[in-house]
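**Q** The structure's right below; bear with me while I get my questions together.
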Amino acid sequence: MINVLFAAHPSRWDIYEKPLRDALIRAGIPANLAQDIAPADVDYIVYAPNSDLQNFTPYSRAKAVLNLWAGVEQITGNKTLKIPLARMVDPGLTTGMVEWVTGHVMRYHLGMDRHIVNPNHVWKPHTPPLAAERTVVILGLGALGTACSQMLLKLGFSVTGWSRSPKEVAGVTCLHGENGLRRALAQAEIAVTLLPDTAATTNLINAQTLAQMPRGAFLINPGRGPLIDDAALLAALDRGQIAHATLDVFRTEPLPKDDPYWAHPSVTVTPHIAAETRAKTASETIAENIRRGEAGEPFINLVDRELGY
């Protein structure tokens, strides 16, 4: 019997217990799944960073920590964690992100706001360009950025992607490094940020990089709050350098009621809803990693501790 500890916020147990048990059975894994297992007996830890479990030292037998979240920045710096850490790459989460990003890209591309918000009933026909005439830039070509870029390509957009290191994505103009970032931003009529939160990406969207974008560009951030220098973005919005921003993630969540983003006419705030882990599909991913661990196969979605993702 394999002991699997569920170490997440107690409210998540009711959501995950049955899908996890079902996924483990389908994977042929005889498992004791519980919220309370003696640390020395635990084989795998299904984990969320807001768990009370912060000291991994007593878990001497554990083979891996399987994160329920796509983001791992709250755990990668934990000095007591010495075993493999896998981040969540969930097909349901990916699909949700693709749908959310595509919706907001199309909103900006088609200029929907001018018709949705039209209190003076102004009749002013406007014909948007075709998708092929619009460049969308994806900052971050991990699993989520790649999936979003593929959907936007199917819709006909010209898609450029940027990453810190070289990547290849079919149909996407892939750029990397500092020079690549400048080239990407220069053509970013609509920019989508899907980068991890690391020391290298903090405040990547700042006064200098915002100024490199075409005047009147749009910014969509479903990635991480610290990617954006908030004061710089508000200033760019005030002067029209950025026409509008849709922000789903923030440094402080929930976003404080007095935060200037709420009141800014050129900002849409969404409450961290772009992509949510789905219990059923996430449970399949976790069960597969446990199966791999028991079979002596490499874990999937392992985190590189040096890179932080």
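The values are calculated or read from the model by the stated rules, or taken from the named source; none is laboratory data. Model, not experiment: these values are computed from the prediction. Don't worry about glycine lacking a Cβ; one is built from the backbone with ideal geometry, like all the others, and counts go over all protein chains shown.
**Q** Return the residue satisfying two criteria in turn: it lies in the stretch 257-278 and is touching a strand residue (DSSP E or B) at 6+ places or on another chain (Cβ under 8 Å) and in a loop (DSSP other than H, G, I, E, B), and of such residues it is surrounded by the fewest Cβ atoms within 10 Å (Cβ to Cβ).
**A** T270
**Q** Which residue, of A70, A31, A8, is in contact with a Lys or Arg (Cβ under 9 Å, 6 or more places away or on another chain), surrounded by 14 or more Cβ atoms within 10 Å (Cβ to Cβ) and either among the aromatic types (F, W, Y) or farther than 30 Å from I190 by Cα (or both)? So that I can check it myself, show each step before the final result.
**A** Working: A70 fails: either among the aromatic types (F, W, Y) or farther than 30 Å from I190 by Cα (or both); A8 fails: in contact with a Lys or Arg (Cβ under 9 Å, 6 or more places away or on another chain).
The unique qualifying residue is A31.
**Q** Follow-up question, since we're still on this one. Before we move on, is T281 β-branched (V, I, T), assigned to a helix (DSSP H, G or I) and either under 25 Å from E253 (Cβ atoms) or in contact with a Cys (Cβ under 9 Å, 6 or more places away or on another chain) (or both)?
**A** yes
**Q** If you don't mind, there's one more thing I want to ask. Taking Y59 as the residue in question, decide whether it is part of a loop (DSSP other than H, G, I, E, B), of a type in the set (F, W, Y) and more than 18 Å from R278 (Cα to Cα).
**A** Against the criterion (part of a loop (DSSP other than H, G, I, E, B), of a type in the set (F, W, Y) and more than 18 Å from R278 (Cα to Cα)), Y59 qualifies.
**Q** Restricting the search to the stretch 144-162, which residues are of a type in the set (F, W, Y) and not in a strand (DSSP E or B)? Before the answer, list the steps.
**A** Within the stretch 144-162, the subset of a type in the set (F, W, Y) is 157, 162.
Listed by number, the list holds a single entry, F157.
**Q** When only residues in the stretch 97-122 that are β-branched (V, I, T) and part of a loop (DSSP other than H, G, I, E, B) count, which is modelled with the lowest pLDDT?
**A** V117
**Q** List the number of the failed condition for T94; all other conditions in (1) among the hydroxyl-bearing types (S, T, Y); (2) modelled with pLDDT of 95 or more; (3) buried (at least 19 other Cβ atoms within 10 Å of the Cβ) hold.
**A** Status for T94: all satisfied but (2).
**Q** Condition first: free of Cβ contacts under 8 Å to residues at least 40 places away in the same chain and of a type outside the set (A, V, I, L, M, F, W, C). Now tell me which residues in the stretch 216-236 satisfy that.
**A** G216, N221, G225, P226, D229, D230
**Q** Name the single residue that is surrounded by the most Cβ atoms within 10 Å (Cβ to Cβ) among those in the stretch 201-215 being free of Cβ contacts under 8 Å to residues at least 60 places away in the same chain and assigned to a loop (DSSP other than H, G, I, E, B).
**A** Of everything passing the filter in the stretch 201-215, M213 is surrounded by the most Cβ atoms within 10 Å (Cβ to Cβ).
**Q** What is the number of the single condition among (1) assigned to a loop (DSSP other than H, G, I, E, B); (2) in contact with a His (Cβ under 9 Å, 6 or more places away or on another chain); (3) surrounded by 15 or more Cβ atoms within 10 Å (Cβ to Cβ) that P254 does not meet?
**A** (3)
**Q** While we're here: From the list A40, A23, exactly one residue is under 17 Å from R292 (Cα atoms), part of a helix (DSSP H, G or I) and not aromatic (F, W, Y). Which is it?
**A** Just a single option satisfies the conditions, and that option is A23.
**Q** Restricting attention to the stretch 1-35, report how many residues are basic (K, R) and within 13 Å of L66 (Cβ to Cβ).
**A** 0
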